[in-house]
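What follows is calculated from the coordinates using simple rules that are stated; it is not laboratory data. If you're wondering where the values come from, they're calculated on a predicted model, not measured in any experiment. Every residue, glycine among them, receives a Cβ derived from its backbone with ideal geometry; neighbour counts consider all protein chains shown.
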Amino acid sequence: MTDIDQLAFEWRAQEGRFTVDEDQMLRFLIKDGRKFERSVRFRDYTEISVGVLVTIFFAVVPLLDRGQEAAWYERWEWYVLSLGCLFVTLAFLYHRKRMRALGVNAADNIAVTTRMTLAQVEYQIHILRRVAWWYCAPLELPLILVALRDDSFDEIRWPYLGFSVLLFVGAVLGNLAYVKYKLEPRQRRLCSMSCELAA
């Protein structure tokens, strides 16, 4: 049972019979909110670091490939791929900034902390439901373009394209499953607690 599950259980168990220890609940909420924030921060910084590396890599590939007779600017699809990686990296920086603004503050009371934690969860649900457009498409479409245009992919073109499509579908479905089975139950519990605190 997670901290937020334990907190919701205790909240319901005490309702109408005991005085709720708001300090203990606030500590639980702050701890749980910071734990959630740390996991999102780790994911974001990992993606940003990898994004910077692959952006540079895909921008340099056409310059290093000496076996091709084409000039570097004739291999423009690699630069489109690099720009797609840059777009995703900038999107993660933007999301990181938004999450920082929604951070849990130890000076807040229990109602405010619950609302802020709920806002963090709802923001993650929002971005993960739209992962196909801001994350997968800017990476997958240029990857497919490179496979279709670059002659070095002749022998593995169709398996590569099939793998790219499976990767796209897997990323989208994986994120949607995470939203459905992890974030939405958490959102419902926090929403319930927020309503009970407001009453």
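With only Cα atoms counted, region 149-199 has Rg and Dmax values of 20.8, 66 Å. Stretched out straight at 0.36 nm per residue, the stretch from TYR45 to ILE156 would grow longer than its current Cα-Cα span by 36.7 nm.
Hey, what D do you get for region 122-169 in µm²/s if you plug the Kirkwood alpha-carbon radius into Stokes-Einstein at 4 °C and 1.567 mPa s? For these conditions, the coefficient is 110 µm²/s.
If the viscosity is 1.306 mPa s and the temperature 10 °C, what Stokes-Einstein diffusion coefficient in µm²/s follows for region 48-199 when Rh is the Kirkwood radius over Cα pairs? Translational D for this selection: 88 µm²/s. What FRET efficiency comes out for the pair GLU122/ALA59, r = Cβ-Cβ distance, R0 = 25 Å, nearest 0.05? Efficiency computed from Cβ-Cβ geometry: 0.10.
How do PHE57, PHE168 rank when sorted from fewest to most other Cβ atoms within 10 Å of their own Cβ?
The fewest-first ordering by Cβ neighbours comes to PHE57, PHE168.
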